[in-house]
Amino acid sequence: MTLFVRPTARLTLLALPLALTAALPALAQSASSGSNVTVYGRVDLGAGRYAQDIKSSEDTKAMVQDSSTARLGFRGTEDLGGGLSAFFNLEHRFKADTGNQDGSLMWKDKAFVGLAHTQYGQLTLGRQSSPLDMRGVNGRFEAFGGDSLASNGSRGAKFAAKWDNAAYYQSPSFKGLAFGVAYAAKESALSKNLSGVQMDYASGPLVLSIGQQTDASATDDWKSLALAGSYDFRVVKVMAIWAKSTDLGTNDQGEQKVLTVGMQIPAGPGQIRASYQNREDNAAQGGAEEKRLGVGYQYTLSKRSSINLSLARHQYQKGSVNNTVPLQYEVALRHNF
């Protein structure tokens, strides 16, 4: 059977791909009009005198080093219409004092993709913060934001800060109340699937948070619980975190408790800040106790740049070891972009 196509139809068929080709730039511009990709990062270097290893000695050393880990990130969103959007976030960590990568992972801090809806919340998939790290014990509840020599880390006891292969749902805020639920299958050499939940409430100057998660290694699994809160009195903002990890060790007898308290006081062009932490392991975990006090001042140069001054005192005690570093100090320059 022979198919006959009229000359006018042939011209139409030939013109159609040409018309589509001509329209592609306009279509691309229309599709990208609701999209954006942002490059961001931080370089934060300090000079001072730092403790070398409080667990084994009281030695300090004058050094230039990262005040907080440098980072380079990419994030983007696309408006899909109807309140729905797609987004992604990749963040690399590195040591600005040497240029070396921080750890073995290229995207150490995060590598995820997600969908968000203005009414129904958002779902993310990939490497990302665990529930306690995402909103439970993060920098909003620590006086230095978790950065600089004077800050206190490990605020969530033995919790794991990052999860691989994770799915995380974060709800929208319902009159100040929001929650998140996360799950990570044991695709790698883990003894158990990971799971956790976090809830917070924000109303004016008050923010409260509670979270719980189950973490695992190749040979063990354990639970961590954290309570946190802050209140802004304007003349001073106070904050605190209490965290406890249980079922540590293969016999499930180990425990660690951590209390972190702090405050921020507006002063001149910046803030006076103070942070104190007490960490205790029970006998099954080794019986160590660690106390750390940090005070400092953030001098704001602009919205993106600041000079950060830090003083810190650190004490560690375990068995016959009783080490104290009475004074560490640092002057650091931070630039965010």
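The values are calculated or read from the model by the stated rules, or taken from the named source; none is laboratory data. Remember, it's a predicted structure, so these values are computed and weren't measured experimentally. Note that each Cβ is placed from the backbone with ideal geometry, even for glycine, and that neighbours are counted across all protein chains shown. We work out accessible area using only protein heavy atoms, side chains counted, and drop any ligands, DNA or RNA first. Shrake-Rupley method; radii C 1.70, N 1.55, O 1.52, S 1.80 Å.
General remarks:
- Residue list for the stretch 321-337, restricted to those being surrounded by fewer than 17 Cβ atoms within 10 Å (Cβ to Cβ) and out of contact with any Lys or Arg (no Cβ under 8 Å at 6 or more places or on another chain): ASN322, VAL331, LEU333
- Checking ALA143, ALA167, ALA161 one by one, the residue that is at pLDDT 95 or above and either open to solvent by less than 30 Å² (accessible area, probe 1.4 Å) or among the β-branched types (Val, Ile, Thr) (or both) is ALA143 and no other.
- Failed criterion for THR77 (all others in (1) modelled with pLDDT of 95 or more; (2) under 30 Å from PRO326 (Cβ atoms); (3) of a type in the set (Ser, Thr, Tyr); (4) open to solvent by 20 Å² or more (accessible area, probe 1.4 Å) hold): (2)
- Test result for LYS244, surrounded by fewer than 21 Cβ atoms within 10 Å (Cβ to Cβ), assigned to a strand (DSSP E or B) and out of contact with any Phe, Trp or Tyr (no Cβ under 8 Å at 6 or more places or on another chain): yes
- Residues that are closer than 25 Å to TYR183 by Cβ and either without any contact (Cβ under 8 Å) to a residue 60 or more places away in the chain or open to solvent by 60 Å² or more (accessible area, probe 1.4 Å) (or both), drawn from the stretch 213-241: THR214, ALA216, SER217, ALA218, THR219, ASP220, ASP221, LYS223, LEU225, LEU227
- Among the residues of the stretch 299-320, those identified as open to solvent by 30 Å² or more (accessible area, probe 1.4 Å) and either under 29 Å from PHE159 (Cβ atoms) or part of a helix (DSSP H, G or I) (or both) are LEU311, ARG313, GLN315, GLN317, LYS318, GLY319.
- Residues of the stretch 68-102 that are over 16 Å from the mean Cα position of the chain (by Cα), part of a loop (DSSP other than H, G, I, E, B) and under 30 Å from ALA150 (Cβ atoms): LYS95, ALA96, ASP97, THR98, GLY99, ASN100.
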